[in-house]
1. Does any residue of segment 147-166 turn out to be within 16 Å of ligand 1 (Cβ to nearest atom), farther than 26 Å from K106 by Cα and either in contact with a Phe, Trp or Tyr (Cβ under 6 Å, 6 or more places away or on another chain) or in the same structural domain as I9 (by TED's automatic domain parsing) (or both)?
2. Looking at this structure, is K233 more than 22 Å from I281 (Cβ to Cβ) and in contact (Cβ under 8 Å) with a residue 40 or more places away in the chain?
3. I'd like to know if segment 274-283 contains one or more residues that are surrounded by 15 or more Cβ atoms within 10 Å (Cβ to Cβ) and either within 16 Å of ligand 2 (Cβ to nearest atom) or free of Cβ contacts under 8 Å to residues at least 24 places away in the same chain (or both).
4. Among (1) farther than 29 Å from D74 by Cβ; (2) in contact with a Gly (Cβ under 7 Å, 6 or more places away or on another chain), which single condition is N295 missing?
5. Being modelled with pLDDT of 95 or more and charged (D, E, K, R) is the filter here; which residues of segment 1-48 pass it?
6. Of all residues in segment 96-139, which are surrounded by fewer than 22 Cβ atoms within 10 Å (Cβ to Cβ) and either of a type in the set (F, W, Y) or outside the structural domain of L42 (by TED's automatic domain parsing) (or both)?
7. Cβ contacts < 8 Å: first residue more than 13 Å from K62 (Cα to Cα) and in contact (Cβ under 8 Å) with a residue 24 or more places away in the chain, restricted to segment 27-48; second residue among the charged types (D, E, K, R) and away from ligand 1 (no atom under 16 Å from the Cβ), any location; separation 6+ or different chain. Result?
8. Looking at this structure, is L148 surrounded by 20 or more Cβ atoms within 10 Å (Cβ to Cβ) and not basic (K, R)?
Amino acid sequence: MIKAQIPEIKRLLSSPKNIVIIPHKNPDGDAMGSSLGLYQFLDIFQHHTKVIAPNDYPDFLKWLPNEEKVLKFDMQTEECLKSIEKADVIFTLDFNALQRAGHQLKEVLEKSNAIKFMIDHHQQPDDYAQYMYSDVHMSSTSEMVYNLIEMLGYTNKIDAVIATCLYAGIMTDTGSFRFPSTTSTTHRVIADLIEKGADNSEIHNSVYDTNSYARLQLLGRAMQNLKIIPEYKTAYISLSQDELNAFDFKKGDTEGFVNYALSLEGVIFAAIFIENQQESIIKISFRSKGSFSVNEFAREHFNGGGHINAAGGRSTTDLKSTIDKFISILPHYKTELSQK
Ligand code: 5GP
Ligand code: MN
């Protein structure tokens, strides 16, 4: 655990360093919020910090403070490689294994001699970081960045920018403070972030009320494609590449769709299958209620992972065979999927 290492970390960060912060590939609100919150914190201490996202992220995150300074590894590879080469310290945020940064970045990170930090709340973390703050009970990596700042004794340094980023990260990863990982402590952290200048109502607005018409039409199609398998309390959605194209799909447009499947009364297991022709994969999101572990399910069958109630995975076969495989597996989980 990191607590015993705090004096050492304080010493390490007591003089300006070259620092790189890396969120996971296809960064979500928590990955970007925690990265940009930490970025601003380190900036206050005069460190030379760069946030390097493995690839682009949805437009609904493009209002986050300092977002315009984020480098994208797949687009600005040379510049990113230079920063990583120079780095004394690398923070990896919101992921538990280097491959979650993407294939190429993984190799670069493995070769780097920089001191590595992991701050993450996913299950079964790999052991690549000298400073590892991993806690699967945490609501979000953004809450953990707050905790790190608190352990360092610097909550007085949290300004409106840090507060805004961390609020956005906690909000998105807790489904607006409703998932079981949301604790009274999470709410205390949130209260403090509001006091420090996070404009809560505005942040909700920026993330959730900026839909395009095309996205809502795509949601309509997804809902038409929703299927229920009552005997396994399971529901799933599929979207083919043709359907995505027909509704002018943009990154992030399908975010949250799977939750509609989980919102059906009596359903405890939900999935969405989304065809990605460019990567020749079917990207899958899994969600559950109660003790059914979608992390285990995704790891075992779909080359993925995540948390107990939210995980992701992929398949390299076509959409229909991926769904057929999914349906054929369900009987193996009859007991788990018959819980109340
Ligand atoms: P989402 O379904 O929203 O993409 O992801 C749900 C959760 O599972 C997130 O915490 C995400 O980081 C994790 N996750 C998504 N896809 C993968 C994957 O392919 N591998 C692993 N290990 N985790 C994933
Ligand atoms: Mn997260």
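The values are calculated or read from the model by the stated rules, or taken from the named source; none is laboratory data. Owing to the predicted nature of the structure, the values given are computational and were not obtained by experimental measurement. Please note: Cβ atoms are built from the backbone with ideal geometry, for glycine as well, and neighbour counts cover all protein chains shown.
1. Within segment 147-166, none of the residues are within 16 Å of ligand 1 (Cβ to nearest atom), farther than 26 Å from K106 by Cα and either in contact with a Phe, Trp or Tyr (Cβ under 6 Å, 6 or more places away or on another chain) or in the same structural domain as I9 (by TED's automatic domain parsing) (or both).
2. yes
3. Step one: list which residues in segment 274-283 are surrounded by 15 or more Cβ atoms within 10 Å (Cβ to Cβ), which gives 274-275, 281-283.
Next, from what is left, pick out any that are either within 16 Å of ligand 2 (Cβ to nearest atom) or free of Cβ contacts under 8 Å to residues at least 24 places away in the same chain (or both): none.
For segment 274-283, residues surrounded by 15 or more Cβ atoms within 10 Å (Cβ to Cβ) and either within 16 Å of ligand 2 (Cβ to nearest atom) or free of Cβ contacts under 8 Å to residues at least 24 places away in the same chain (or both): absent.
4. Failed condition: (1).
5. E8, K10, R11, K17, K25, D28, D30, D43
6. Of everything in segment 96-139, those that are surrounded by fewer than 22 Cβ atoms within 10 Å (Cβ to Cβ) and either of a type in the set (F, W, Y) or outside the structural domain of L42 (by TED's automatic domain parsing) (or both) turn out to be Y128, Y131.
7. Y39/K69; Q40/D159; F41/K157; I44/K157; I44/D159; H47/K17; H48/K17
8. On the way: surrounded by 20 or more Cβ atoms within 10 Å (Cβ to Cβ): yes; not basic (K, R): yes.
Criteria met by L148.
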